[in-house]
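K.L.:
Following this message is one structure expressed as structure tokens.
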Amino acid sequence: MAAITESALVARVRQRADMEENYFVSDVEVQTYINAGLAELHDLLIQTYGQDYYISNSTFTTTSGVDSYAISSNIGADFYKLRGVDAKLNGSIWSTLIPFNFNERNLNQEGTLSNIWGLSNTRYRLVGENLVFSPTPTSGIEIKIWYIPTTQQFNSSTPASSSTTFDDINGYAEYVIIDAAIKCLQKEESDVQVLFAQKTAMKRRIEEAANNRDAGSPLSVSDVYRGNNSFWYSRST
């Protein structure tokens, strides 16, 4: 990845909009347009195709008798989308948990999160701003959350910095630049047809190229049984 500074992005937006000496649109406005474009690119990369261009993990420990855990304090303020939940049992074994359907929220109350043989009954669900487990944990169990963070945002209340950077993926920052230039020209009520065409072409390029990130071993249909080792535990009883 090539790092691009915030100030360089602002300069490239002005070049694309032919506003290098025209400050009808202020640098602060350009920065807000860049932030909007970064969010759009972020969604384009992670939502449409599900590739792990941006992924983080966080751990916390459950408390006996507590089934609901706030995302902001237990996972992170930058949480955007959940990728997976693991539970560590017997001190070393990570097991993949699966979500429960809302109408099944009271189905497994007889189970226990700390019982390895009952693991097949353990589920989780995102409910509002909380992660809820069913059955309710009966002890302290280490939980690992794999999640997609929110998009990077520059501080638009201060002048564009030459030290804060955006990690560009194969020139995809061009999508952000074009999008911000369109917004600049729209404020000026100038023609943006050419830039719209360029944005469409850039989006098509990203759609065609970004999907297969692991070119050597592309993603396949998931085996839900091998992916969740609770299946094997449930067959051992």
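The values are calculated or read from the model by the stated rules, or taken from the named source; none is laboratory data. Note that this is a predicted model, so its numbers are computed, not measured. Note: ideal-geometry Cβ built from the backbone for every residue, glycine included; neighbour counts use all protein chains shown.
K.L.:
Taking the conditions exactly as written (touching a residue at least 60 places away in the same chain (Cβ under 8 Å) and hydroxyl-bearing (Ser, Thr, Tyr)), does TYR23 satisfy them or not?
P.N.:
So TYR23 fails the test.
K.L.:
Kindly indicate whether any position in the range 40-51 is at pLDDT below 95 and more than 20 Å from ASN211 (Cβ to Cβ).
P.N.:
Checked against the condition, which is being at pLDDT below 95 and more than 20 Å from ASN211 (Cβ to Cβ), the range 40-51 yields no hits at all.
K.L.:
Sort through ILE182, ILE206, ILE169 and tell me the only one that's outside the structural domain of SER72 (by TED's automatic domain parsing), modelled with pLDDT of 85 or more and over 20 Å from ILE55 (Cβ atoms).
P.N.:
ILE182
K.L.:
Filter the range 128-150 down to the residues that are loosely packed, with under 14 Cβ neighbours inside 10 Å and either among the polar types (S, T, N, Q) or under 20 Å from ILE55 (Cβ atoms) (or both) and list them by number.
P.N.:
SER139
K.L.:
Can you tell me which residue is nearest to the chain's Cα centre (by Cα) among those in the range 134-193 that are among the small types (Gly, Ala, Ser) and assigned to a helix (DSSP H, G or I)?
P.N.:
Going residue by residue through the range 134-193, those that are among the small types (Gly, Ala, Ser) are 134, 139-140, 156-157, 160-163, 171, 173, 180-181, 190.
Okay, now just the ones that are also assigned to a helix (DSSP H, G or I), so 173, 180-181.
Details: ALA173: 18, ALA180: 22, ALA181: 25 Å.
Looking at residues that are among the small types (Gly, Ala, Ser) and assigned to a helix (DSSP H, G or I), I get ALA173.
K.L.:
Also, quick follow-up: State all residues of the range 50-77 that are of a type in the set (D, E, K, R) and farther than 30 Å from ASP168 by Cα; if no residue qualifies, say none.
P.N.:
If the condition is that a residue be of a type in the set (D, E, K, R) and farther than 30 Å from ASP168 by Cα, then ASP67 is the only one that fits.
K.L.:
Now for a different question. Would you mind stating whether ILE93 is at pLDDT below 90 and assigned by TED's automatic domain parsing to the domain that holds LYS183?
P.N.:
no
K.L.:
Report the residue count in the range 8-62 for those that are of a type outside the set (A, V, I, L, M) and under 25 Å from the mean Cα position of the chain (by Cα).
P.N.:
Within the range 8-62, the subset of a type outside the set (A, V, I, L, M) is 12, 14-16, 18, 20-24, 26-27, 29, 31-33, 35, 37, 40, 42-43, 47-54, 56-62.
Those still in the list that are under 25 Å from the mean Cα position of the chain (by Cα) too: 31-33, 35, 37, 40, 42-43, 47-54, 56-62.
So the count comes out to 23.
K.L.:
In the range 73-98, how many are out of contact with any Phe, Trp or Tyr (no Cβ under 6 Å at 6 or more places or on another chain) and either surrounded by 12 or more Cβ atoms within 10 Å (Cβ to Cβ) or over 16 Å from THR151 (Cα atoms) (or both)?
P.N.:
The number of residues fulfilling the criteria is 16.
K.L.:
Can you work out which of the residues in the range 77-104 that are acidic (Asp, Glu) and more than 13 Å from ILE143 (Cα to Cα) is nearest to the chain's Cα centre (by Cα)?
P.N.:
Among residues in the range 77-104 that are acidic (Asp, Glu) and more than 13 Å from ILE143 (Cα to Cα), the one nearest to the chain's Cα centre (by Cα) is ASP78.
K.L.:
Using beta carbons and a limit of 6 Å, which pairs, at least six apart or on different chains, have the first residue in the range 142-154 and without any contact (Cβ under 8 Å) to a residue 40 or more places away in the chain and over 9 Å from ASP78 (Cα atoms) and the second one basic (Lys, Arg) and part of a loop (DSSP other than H, G, I, E, B)?
P.N.:
Short answer, once both residue conditions are applied: none.
K.L.:
List the number of the failed condition for VAL28; all other conditions in (1) surrounded by fewer than 15 Cβ atoms within 10 Å (Cβ to Cβ); (2) assigned to a loop (DSSP other than H, G, I, E, B) hold.
P.N.:
(2)
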